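Remarks on the structure that follows.
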Amino acid sequence: MQENSAMLSSGRRHFLQNIFPVGATLCLGSRSLFAGTWSKNECQDTPEKHKFLEDSTMTFTDVFQFAFRNYYIPCLKGIADEVGHREFIELLKKVNSESVAQSARERSKSLPKNDFATYVELSKKRKDRFVRHVLTDEVVVERPDYLRMKITECLWAKVFRESDAADIGYAAICYPDFAMASAFNPKITLVRPTTLMEGHECCDFHSRWEG
């Protein structure tokens, strides 16, 4: 019986590890994905676009409602019901954190430096078209060894909370931020006492350089 339970748990983990890196790419890496797509399309000088490349006329809210509320969130809720809600949340945190950490490590290796100044610049430059339309953030304090940023509006938090899936949203979208910071450089510590996803007034990011 114990062996069967272990096999079942291993199977669930394997399933999630294959499914949720895709979800993490959609949720957490979408700013790069969308930015790259728009850049490529805008540079194409063709007389006619394929119908797949035509403007959908959807708002950013429409996109999030379609992708998350209508598909992604119901899918995750269904899996949670199958495997157990508490176990699913913990697996979701683990799998997405591992995926995001791997991306952060690869990103840091591609840069000339992965020091705190570079981390700060990357945090402040999240200003591509996609991010500008789904997040509202501001730098509160900036020092050579400390950065405090606040996010006061977040479309992810809005959609997940309206779908009664804030705990899933936190595990999928918010929790991996800690892994991302430490993977970029182990000397960076992220503290975030409040999040919009959890119902607070803002996401309060405190990044410290322990080097």
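The values are calculated or read from the model by the stated rules, or taken from the named source; none is laboratory data. Nothing here was measured: the structure is a model prediction, and the numbers come from that model. Reconstructed Cβ throughout: ideal geometry from the backbone, glycine too, with neighbour counts over all protein chains shown.
When the stretch 181-211 is limited to residues that are buried (at least 21 other Cβ atoms within 10 Å of the Cβ) and in a helix (DSSP H, G or I), the one that is nearest to the chain's Cα centre (by Cα) turns out to be A181.
Exactly one of these conditions fails for A117: (1) assigned to a helix (DSSP H, G or I); (2) touching a helix residue (DSSP H, G or I) at 6+ places or on another chain (Cβ under 9 Å). Give me its number. (2) is the only condition that A117 fails.
Does the stretch 137-155 contain any residue that is without any contact (Cβ under 8 Å) to a residue 12 or more places away in the chain, among the hydrophobic types (A, V, I, L, M, F, W, C) and within 30 Å of T59 (Cα to Cα)? Looking for residues that are without any contact (Cβ under 8 Å) to a residue 12 or more places away in the chain, among the hydrophobic types (A, V, I, L, M, F, W, C) and within 30 Å of T59 (Cα to Cα), one finds at least one in the stretch 137-155, hence yes. Within the stretch 129-145, the set of residues being in a helix (DSSP H, G or I) and not hydrophobic (A, V, I, L, M, F, W, C) comprises R129, R132, H133.
Just one of the numbered conditions (1) surrounded by 15 or more Cβ atoms within 10 Å (Cβ to Cβ); (2) free of Cβ contacts under 8 Å to residues at least 60 places away in the same chain; (3) of a type in the set (D, E, K, R) is not true of R86: (1). Can you pull out the residues in the stretch 146-180 that are among the acidic types (D, E) and assigned to a strand (DSSP E or B)? Of everything in the stretch 146-180, just one residue is among the acidic types (D, E) and assigned to a strand (DSSP E or B), namely E153.
Scanning the stretch 108-149 for residues that are within 20 Å of Y170 (Cβ to Cβ), of a type in the set (D, E, K, R) and buried (at least 16 other Cβ atoms within 10 Å of the Cβ) yields a single hit, D137.
Does A80 qualify as being in a helix (DSSP H, G or I), modelled with pLDDT of 95 or more and either more than 16 Å from G169 (Cβ to Cβ) or of a type outside the set (S, T, N, Q) (or both)? For A80, the condition - in a helix (DSSP H, G or I), modelled with pLDDT of 95 or more and either more than 16 Å from G169 (Cβ to Cβ) or of a type outside the set (S, T, N, Q) (or both) - is met.
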